[in-house]
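A quick write-up on the structure given underneath.
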Amino acid sequence: MTVQTATQAVAKPLAGRVAVITGASSGIGESTAEQVAALGATVVVLARRAERLAELVTRIEKDGGRALALAVDVTDAAAVQAAADRVASEFGGADLLFNNAGVMLPAPIEERATEQWQHQIDLNITGLMNVIGAFTSQLVAAAAEKGVADLINTSSIAAQNIYPGFAVYAGTKAYVTHLSRQLRAEFGPKKVRVTTIEPGITDTELQNHVTDEGAQQWLDGARQQMEWLTPDDIAETIGFVATQPARVNFQQVTIMPTGQTS
């Protein structure tokens, strides 16, 4: 390897890889798309908001990266499969899948906000499974060819800790965390690394969707008490995880604001 080639490999450690990122129109997904593109990966960004995705692709390409936007609702299994088929036909398949699409709608159970319960289950669980189902064969094939592939799922510190009013959201994230542990048992022997990212309070659009007054007051108080994580903090962590040697699998990464103690 020449000095120039070695330097390029260090600067672009994800060169030659194809990353699919859901929930990419804002927040952690958007930041992660820019991060892994900067590390050399070809990026396919999925979300419902086509205009936001187009703007993201423009920024990535302006910085010398390669990206494709696909406007997809991950709760639509057929649409997700069509996106996976396009990734396979245009790029030969994905070898890095970041499942980030999700929603947080806290409220006391006694309020019986059943539509919000279902929305969280549909997006945080069913949407996640639609994406995993559509891309699993690509990850396994890529790992067999390249020696490594990554499945990275966004969970939450709520999967571990107790927050009154967040029961349904926390339950969906506990599902993500435990599912990821189980998938390591299936995918590890096939050289597909599985990682769960469990962020503490992070400044994203999730908080904008909260309608419960008590939960909003709690979030407002938390914002005053501590400096929250940023999407870039999580994106840099994902870049670190994905660029490790193939033998290294960070199974579960919990990232907390310094001031958040629970």
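Coordinate-derived values only; no laboratory data. Only a predicted model underlies this, so the values are computations on that prediction, with no experimental measurement involved. Here the Cβ is made from the backbone with ideal geometry for all residues, glycine too, and neighbour counts use every protein chain on show.
For the reader, a short list of remarks on this structure follows.
- Computed from the Cβ-Cβ distance with R0 of 30 Å, the FRET efficiency linking Glu110 to Glu55 stands at 0.15.
- On Cα atoms only, tilt of 167-187 relative to the major axis of the chain in degrees: 30
- Between the residues Ala101, Val210, Gly16, the greatest Cα displacement towards the positive end of the dipole of the chain, with unit charges on the Cβ of Lys, Arg, Asp and Glu, is found for Gly16.
- In plain terms, the C-alpha convex hull of the stretch 14-255 casts an average shadow of 12.3 nm² when viewed from every direction.
- Size of electric dipole in the chain: Cβ of Lys, Arg +1 and of Asp, Glu -1, about Cα centre, debye, nearest 20: 1060
- Charge dipole of the chain about the Cα centre (unit charges at C-beta), most positive-ward option of Gly40, Gly165, Asn124: Gly40
- Reach of Lys173 by Cα under 15 Å, taken over aspartates and glutamates that are not fewer than 8 positions away in the same chain: Asp122, Glu198
- Within straight-line cross-link reach of Lys12, lysines at Cα separation under 28 Å, skipping those fewer than 8 residues along the same chain: Lys62, Lys146, Lys190, Lys191
- Dividing the Cα radius of gyration of the stretch 16-124 by its Kirkwood radius returns 1.05 for Rg/Rh.
- Computed over the Cα atoms of the stretch 125-208, the ratio of the radius of gyration to the Kirkwood radius (Rg/Rh) comes to 1.04.
- Modelled FRET efficiency - R0 30 Å, Phe240 with Glu205, Cβ distances, 0.05 increments: 0.80
- For the chain, the longest principal axis of the Cα atoms and the long axis of helix 213-225 meet at an angle of about 60 degrees.
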